[in-house]
Every structure is written in structure tokens, then in C-alpha cells.
Amino acid sequence: MAEIPAEAKHMLKGKTFAHVATLMADGSPQVSPVWIDEVDGLVVFNTAEGRLKPDNLRRDPRVAISVTAEENPYESMLIRGKVVEMTEEGADDHIDELAGRYMGVDSYPLREPGEERLIVKIEPEKVQHMNP
């Protein structure tokens with residue numbers, strides 16, 4: 001497992017958006033902007049059942065993530081890795097926590113009725129941090 005450099009972790013703990021690339025069934029890339037997090041060295045994001053990301057990741061766990069620092073657009077991090085876990089456990093609390101960080105609210109306001117949230121945990125295999 002590759003480590004997220006200490007000087008780059010702020011990019012996963014602030015309000016920075018990440019772009020997550022997964023692979024469609026035909027091998028073509030699919031990219032989505034996500035709220036990003038880091039827990040115990042794993043890169044973490046939250047999504048919902050029925051979206052492309054979980055379907056793609058169940059079929060092929062490889063992922064690429066691009067992050068650009070909010071305060072300095074020339075600082076960036078590229079992460080390649082594999083999904084090691086997708087779980088509903090704690091996902092509702094996690095999306096509320098992210099909504100607090102990104103939107104300043106207590107509860108995720110965009111939740112759809114009956115929506116099942118998922119936490120996606122990624123083990124980084126290659127990390128490239130650039131801060132010229």
C-alpha cells in the first residue's frame with residue numbers, strides 16, 4: 001500500500017473535490033466529482049446504490065483519483081488504487097459528516113427517499129503529490 005504524504009493529507013480533509021475514475025463494462029472510463037476523505041491511510045468517498053460508481057467498482061475495483069488543492073490549484077495529487085471495501089455500515093453518518101464539512105449543514109440535504117448510502121474505501125497503490 002502506498003502512503004498519502006503527510007503534507008498532502010490536507011487535500012483529503014478540507015473542502016477539496018476529487019474526481020474519481022472507474023471503468024465501464026466496455027472498458028471506457030467514467031469520471032465523477034466526489035467529496036473525499038481519508039481514514040487510516042485509505043482514501044474514502046460516499047455514494048449511493050444504483051449509481052454507476054458502485055456497479056463499476058464491483059465489476060472492476062481499480063480506481064484513479066485526481067485531487068487539486070482548493071487554496072492552490074497548482075498543488076495536486078493523483079492516486080491509483082483498488083477498492084478494498086464497500087459498506088452501508090456507517091454510510092449515513094459519514095455522508096452527514098461530509099455534508100457538514102462541505103456544506104456547513106447537520107444533515108445531507110440531497111438524500112433521496114429510500115436511498116442506500118455506501119462508503120467506498122480505496123487502498124492507494126500509487127500516489128503522486130505535486131506542489132511546485
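The values are calculated or read from the model by the stated rules, or taken from the named source; none is laboratory data. Being a predicted model, the structure only gives us computed values, none of them experimental. A quick note on method: Cβ atoms are made from the backbone with ideal geometry, for glycine too, and the neighbour counts reach across all protein chains shown.
Listed residues Val67, Val84; which is part of a strand (DSSP E or B), under 11 Å from the mean Cα position of the chain (by Cα) and modelled with pLDDT of 95 or more?
On inspection, the qualifying residue turns out to be Val67.
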Test: residue in segment 24-41 that is assigned to a strand (DSSP E or B), of a type in the set (Gly, Ala, Ser) and buried (at least 19 other Cβ atoms within 10 Å of the Cβ): no
Residue pairs meeting the criteria (Cβ under 9 Å; at least 6 apart or on separate chains; first more than 21 Å from Arg51 (Cα to Cα), in segment 99-116; second of a type in the set (Gly, Ala, Ser) and part of a loop (DSSP other than H, G, I, E, B)): Gly100/Ser107; Arg101/Gly14
Members of segment 2-19 that are outside any helix (DSSP H, G or I), surrounded by 12 or more Cβ atoms within 10 Å (Cβ to Cβ) and out of contact with any Lys or Arg (no Cβ under 7 Å at 6 or more places or on another chain): Ile4, Pro5, Lys9, Gly14, Thr16, Phe17, Ala18, His19
Scan of segment 70-96 for residues that are touching a residue at least 60 places away in the same chain (Cβ under 8 Å) and either charged (D, E, K, R) or surrounded by fewer than 17 Cβ atoms within 10 Å (Cβ to Cβ) (or both), ordered by number: Glu75
Residue that is nearest to the chain's Cα centre (by Cα), among those in segment 87-132 that are more than 19 Å from His19 (Cβ to Cβ) and of a type in the set (Val, Ile, Thr): Thr87
